[in-house]
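Read the figures in this text as sums done on the coordinates, not as results from a lab. This structure is a prediction, so every number in the text was calculated from the model and none was measured. When we count neighbours, we look across all protein chains shown, and the Cβ atoms used for this are built from the backbone with ideal geometry, even at glycine.
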């Protein structure tokens, strides 16, 4: 049981390049989330998904797209990277409505450190 | 919109001393969660409080949920170097499973 995994762990991009961050969870969770973490600003929600095939915007969605084609995977895409997107990106998952015990408790992946030059 | 505020942003503690970090919400929360992130690591769930006035303890950590369910606190006694990290509180939006995270309290310990 690996929990939540993220690929890659670290990436350097040039302005304008694109990339996809992959998140996978093996806990059969319904809900998945993408956050970015910047110094002094805590965790800000980018996009989230309440189930396979569904996605929704969070607090800071501009410049990002997501897809949830399979329940266990949640992809975050940057179509044209900008220096302002330099950050640490965390994926998380939770049981969601109808789950077990603490439905909203979130389990985080190890993070992806992204540097945009 | 809903906002969760944490104070202080930084806490420098002498090893062996006690300290408290506070979390305040602009709206009533159905529950409050606390997470810990070690330097270079990822947030890890510590505890969830659900009931008004609830108090829970984990060894040297005491968590409290306010009577109005709009604030919470984390008190650490006899701080150790293993307590180093950032502590986040988080509360769900009403009727929703998204969490609003505070900015965190980053704790450093002087030996």
Under the 0.36 nm per residue contour assumption, what length would be gained going from the current alpha-carbon distance of residue A:72 and residue A:117 to full extension? 13.1 nm
Rg to Rh ratio, chain A, alpha-carbon atoms and Kirkwood radius? 0.96
Relative contact order [Cα under 8 Å, 6+ residues apart], the stretch B:4-110, whole percent: 37
In which sequence would B:76, B:7 go, from the one with the fewest C-beta neighbours within 10 Å to the one with the most? B:7, B:76
Enumerate the whole-percent occupancy of each 10 Å bin, from 0 to the last occupied one, for all C-alpha pair distances of the stretch A:48-117. 17, 47, 29, 6, 0
Using only Cα atoms, figure out Rg for the protein assembly as shown and give it as a multiple of 2.2 N^0.38 Å. 1.02
At 0.36 nm per residue, and after removing the present C-alpha to C-alpha distance, how many nm does the segment from residue A:7 to residue A:54 gain when stretched out fully? 14.8 nm
Determine, for A:60, A:4, A:12, the number of other Cβ atoms within 10 Å of each Cβ, and report the residues in order from fewest to most. A:12, A:60, A:4
How large is Rg over Rh for the stretch A:18-76, taking Rg from the Cα atoms and Rh as the Kirkwood inverse mean of 1/r across Cα pairs? 0.97
At q = 0.27, 0.29 Å⁻¹, what log₁₀ I(q)/I(0) does a Debye calculation on the Cα points of the stretch B:1-47 give, no solvent, two decimals? -1.21, -1.22
Classify chain B: rounded, prolate or oblate, from the alpha-carbon gyration tensor (a ≥ b ≥ c, eigenvalue square roots; a/c under 1.5 rounded; otherwise prolate if a/b is larger than b/c)? prolate
